[in-house]
1. Being within 30 Å of residue 29 (Cα to Cα), more than 15 Å from the chain's Cα centre (by Cα) and without any contact (Cβ under 8 Å) to a residue 12 or more places away in the chain narrows it down to one of 74, 100, so name that one.
2. Return a yes/no flag: does the stretch 47-60 have any residue that is without any contact (Cβ under 8 Å) to a residue 12 or more places away in the chain, in contact with a helix residue (DSSP H, G or I) (Cβ under 8 Å, 6 or more places away or on another chain), farther than 20 Å from residue 141 by Cα and loosely packed, with under 14 Cβ neighbours inside 10 Å.
3. Only one of 13, 32, 81 is free of Cβ contacts under 8 Å to residues at least 12 places away in the same chain and under 23 Å from residue 159 (Cα atoms); which?
4. Right, residue 79: in contact with a strand residue (DSSP E or B) (Cβ under 8 Å, 6 or more places away or on another chain) and within 19 Å of residue 46 (Cβ to Cβ) or not?
5. Checking the condition over 15 Å from the mean Cα position of the chain (by Cα) and at positive phi, which residue from 32, 15 passes?
6. Somewhere in the stretch 165-172, is a residue modelled with pLDDT under 90, under 16 Å from the mean Cα position of the chain (by Cα) and surrounded by fewer than 14 Cβ atoms within 10 Å (Cβ to Cβ)?
7. In the stretch 1-26, what residues are modelled with pLDDT of 95 or more and either surrounded by fewer than 17 Cβ atoms within 10 Å (Cβ to Cβ) or in a helix (DSSP H, G or I) (or both)?
8. Restricting to the stretch 101-130, name every residue that is at pLDDT 85 or above, more than 22 Å from residue 152 (Cα to Cα) and out of contact with any strand residue (DSSP E or B) (no Cβ under 9 Å at 6 or more places or on another chain).
């Protein structure tokens, strides 16, 4: 089995978590139960550690360790989150270098107005406010990798999953 590190980044409300969860289910169908580790920035930072998203926060090391666990144990890893390059860029660069082949990076470039509309449709929309989303919004947070694929607001979750699966199958990096 080819081992993949799939990084899905973007602003809050861009669609990355929906795609990551659907992708995990698709990979489970292809490779079997237990084959794929879904590492969510929000789960680690908010639910497990309960720390603020500041430079050097301890979730960065735990995210890296979780992804490296997947590499060492032959799992596909889906890493999803805002993962601001100013805070997480060094860790992401190290992961990509350590992983070698099989790294796929995706960035959701979605306008603020669309992310705010999508936020209104979330079951957990009351966890944070639109004002907070506006304060977090970063219009340009790409990693600027030569192979980073950009998704916009027009791509559906199904289309994004299909594109990622195609990239993994064809070895497009």
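The values are calculated or read from the model by the stated rules, or taken from the named source; none is laboratory data. These figures come from a predicted structure and were not determined experimentally. Ideal geometry is used to build each Cβ from the backbone, glycine not excepted, and the neighbour counts take in all protein chains shown.
1. Numbers: 74 fails: without any contact (Cβ under 8 Å) to a residue 12 or more places away in the chain.
Going through 74, 100 in turn, the sole match is 100.
2. Yes, some residue in the stretch 47-60 is without any contact (Cβ under 8 Å) to a residue 12 or more places away in the chain, in contact with a helix residue (DSSP H, G or I) (Cβ under 8 Å, 6 or more places away or on another chain), farther than 20 Å from residue 141 by Cα and loosely packed, with under 14 Cβ neighbours inside 10 Å.
3. None of the other options fit; the residue is 32.
4. On the way: in contact with a strand residue (DSSP E or B) (Cβ under 8 Å, 6 or more places away or on another chain): yes; within 19 Å of residue 46 (Cβ to Cβ): yes.
Answer is yes for this residue.
5. Values: 15 fails: over 15 Å from the mean Cα position of the chain (by Cα).
After applying the criteria, what remains is 32.
6. Step one: filter the stretch 165-172 for residues modelled with pLDDT under 90, giving 169-172.
From the residues that got through so far, the ones that are under 16 Å from the mean Cα position of the chain (by Cα) too are none.
Within the stretch 165-172, none of the residues are modelled with pLDDT under 90, under 16 Å from the mean Cα position of the chain (by Cα) and surrounded by fewer than 14 Cβ atoms within 10 Å (Cβ to Cβ).
7. 19, 20, 21, 22, 23, 24, 25, 26
8. Listed by number, the list holds a single entry, 101.
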